[in-house]
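Structure first, commentary second.
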Amino acid sequence: MQADAVVKIVEGILDERKGQFISTINVKNKTSFTDYMILVTGTSDRHIKSLCDHVAEKMKELGAPALGLEGDLGSDWVLLDLGDVIVHAMTAQAREFYQLEKLWSVDQTSDAGSSIRAFYRQRK
């Protein structure tokens with residue numbers, strides 16, 4: 001199944017299950033391990049676990065089972081790995097603390113990244 005189709009399906013499931021503040025980040029040009037990250041806020045640890053369980057169940061029915069699920073009840077962050085799409089379900093507090101949208105929106109050609117790469121090249 002194409003990543004774009006998976007994104008649409010996952011966004012629909014999360015919306016249907018009352019996930020809040022759903023956002024999708026295209027990271028194709030920023031990382032090699034996935035194409036999209038979908039972030040969603042849940043109202044409790046049970047809610048975020050339930051969101052990921054429902055997505056995993058639906059994707060399995062569609063013939064695209066999840067590769068992994070990290071986090072359980074009591075966690076404020078549950079990660080569901082669907083290969084080209086990774087779902088991060090978080091409580092509001094965790095989402096505010098980790099700020100993944102901000103982290104993944106950093107441009108790879110920024111001065112900070114260039115400075116770090118230059119530093120490591122000098123050390124070799």
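The values are calculated or read from the model by the stated rules, or taken from the named source; none is laboratory data. Predicted model only: the values in this text are computed from it and were never measured. For neighbour counting, all protein chains shown are included, and Cβ atoms are generated from backbone atoms with ideal geometry for every residue, glycine included.
The residue that is nearest to Glu101 (Cα to Cα), among those in region 12-38 that are crowded, with 19+ Cβ neighbours inside 10 Å and not hydrophobic (A, V, I, L, M, F, W, C), is Tyr36.
Okay, residues lined up against (1) free of Cβ contacts under 8 Å to residues at least 24 places away in the same chain; (2) in contact with an Asp or Glu (Cβ under 6 Å, 6 or more places away or on another chain); (3) in a loop (DSSP other than H, G, I, E, B); (4) not β-branched (Val, Ile, Thr):
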| residue | (1), (2), (3), (4) |
| --- | --- |
| Glu11 | no, no, no, yes |
| Leu14 | no, no, no, yes |
| Ile25 | no, no, no, no |
| Ser32 | yes, no, yes, yes |
| Met37 | no, no, no, yes |
| Val40 | no, no, no, no |
| Leu51 | no, no, no, yes |
| Val55 | no, no, no, no |
| Met59 | no, no, no, yes |
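Being surrounded by 10 or more Cβ atoms within 10 Å (Cβ to Cβ), modelled with pLDDT under 95 and on the phi > 0 side of the Ramachandran plot, is that true of even one residue in region 77-85? Looking for residues that are surrounded by 10 or more Cβ atoms within 10 Å (Cβ to Cβ), modelled with pLDDT under 95 and on the phi > 0 side of the Ramachandran plot, one finds at least one in region 77-85, hence yes. For region 39-49, the candidate set comprises residues that are within 25 Å of Val27 (Cα to Cα) and out of contact with any Leu (no Cβ under 7 Å at 6 or more places or on another chain); within that set, the residue that is surrounded by the most Cβ atoms within 10 Å (Cβ to Cβ) is Ile48.
Considering region 61-95, and only residues there that are part of a helix (DSSP H, G or I) and touching a residue at least 24 places away in the same chain (Cβ under 8 Å), the residue that is farthest from Thr24 (Cα to Cα) turns out to be Ala92.
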